[in-house]
Amino acid sequence: MKNYTLMQFRNLKSGLAEKGRTTLNDILELTGSEISFNFVPTGGFTPFVHSHKNNEEVCIVLFGNGKLMVDDDEIDITEGDVFKISPNGERAIKAVSDLGFTCIQTKENSLINETKHDGIIKKRKASWI
Ligand code: ZN
């Protein structure tokens, strides 16, 4: 059994536009977080406002422009923006232009060992080391 799973969109923008929302949990057999890739066409929006019971969300805008509502704020978002929303944040998103973003959901306060304490340096070498 391999210790990795690979998924490739090849052309990110057309791949996302074709698939719409793609959750990677089953594809990558994730066990600690939910990762989704999302595409909202120009003028599109999530038709509801939502919050979460337990999970914080980190979203990374991959391309396009949009508006993010969190509670009483409306923020312009664009490619390269990264935002975290706490579980109680009441949120909705709208695409001003074709908008692609990835969203990582993780249980708030669940990280017990960040890389500094969880990583293990090995003697093995990659071909480029
Ligand atoms: Zn959510």
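Can you find a residue that is of a type in the set (Lys, Arg) and not in a strand (DSSP E or B) anywhere in segment 50-67?
We begin by selecting, within segment 50-67, every residue of a type in the set (Lys, Arg); these are 53, 67.
Now restrict to residues that are not in a strand (DSSP E or B): 53.
Scanning segment 50-67 turns up at least one residue that is of a type in the set (Lys, Arg) and not in a strand (DSSP E or B).
Residue 109 satisfies every condition listed in (1) under 19 Å from residue 54 (Cβ atoms); (2) surrounded by 16 or more Cβ atoms within 10 Å (Cβ to Cβ) except (2).
Looking only at segment 32-51, count how many residues are more than 11 Å from the ligand (Cβ to nearest atom) and of a type outside the set (Phe, Trp, Tyr).
Narrowing segment 32-51 to residues more than 11 Å from the ligand (Cβ to nearest atom): 32-33, 35, 37, 39-45, 47.
From the residues that got through so far, the ones that are of a type outside the set (Phe, Trp, Tyr) too are 32-33, 35, 40-44, 47.
Here the count works out to 9.
Scanning segment 71-95 for residues that are more than 24 Å from residue 54 (Cβ to Cβ) and touching a Ser or Thr at 6+ places or on another chain (Cβ under 7 Å) yields one hit, 95.
Would you confirm whether or not segment 35-53 contains a residue that is exposed (fewer than 14 other Cβ atoms within 10 Å of the Cβ) and small (Gly, Ala, Ser)?
At the first step, the residues of segment 35-53 found to be exposed (fewer than 14 other Cβ atoms within 10 Å of the Cβ) are 41-43, 47-50, 53.
From what is left, the residues that are small (Gly, Ala, Ser) are 43.
Within segment 35-53, one or more residues are exposed (fewer than 14 other Cβ atoms within 10 Å of the Cβ) and small (Gly, Ala, Ser).
Taking the criterion of being under 18 Å from residue 31 (Cβ atoms) and in contact with a Gly (Cβ under 9 Å, 6 or more places away or on another chain), the residues of segment 81-110 that qualify are 106, 107, 110. Considering segment 85-110, the residues that are more than 10 Å from the ligand (Cβ to nearest atom) and charged (D, E, K, R) include one that is farthest from residue 14 (Cα to Cα), namely 108.
Picking from 54, 25, which residue would you name as being within 16 Å of the ligand (Cβ to nearest atom), at pLDDT 95 or above and of a type outside the set (Lys, Arg)? Explain how you work it out, then say what you get.
Values: 25 fails: at pLDDT 95 or above.
The match here is 54.
Any residue that is charged (D, E, K, R) and part of a loop (DSSP other than H, G, I, E, B) - is there at least one of those in segment 85-104? Yes, because at least one residue in segment 85-104 is charged (D, E, K, R) and part of a loop (DSSP other than H, G, I, E, B). Taking each residue of segment 8-25 that is closer than 16 Å to residue 40 by Cβ and open to solvent by 60 Å² or more (accessible area, probe 1.4 Å) and looking for partners that are among the aromatic types (Phe, Trp, Tyr) and not in a loop (DSSP other than H, G, I, E, B) with beta-carbon atoms closer than 7 Å, six or more apart or interchain, yields 13/63. Hey, any hits in segment 52-59 for a residue that's within 26 Å of residue 12 (Cβ to Cβ), touching a strand residue (DSSP E or B) at 6+ places or on another chain (Cβ under 9 Å) and among the hydrophobic types (A, V, I, L, M, F, W, C)? Yes; the residues of segment 52-59 include at least one that is within 26 Å of residue 12 (Cβ to Cβ), touching a strand residue (DSSP E or B) at 6+ places or on another chain (Cβ under 9 Å) and among the hydrophobic types (A, V, I, L, M, F, W, C).
The values are calculated or read from the model by the stated rules, or taken from the named source; none is laboratory data. Predicted, not measured: the structure shown is a model, and the values here were computed from it. Don't worry about glycine lacking a Cβ; one is built from the backbone with ideal geometry, like all the others, and counts go over all protein chains shown. For accessibility, only protein heavy atoms count, side chains too; no ligands or nucleic acids. Shrake-Rupley method; radii C 1.70, N 1.55, O 1.52, S 1.80 Å.
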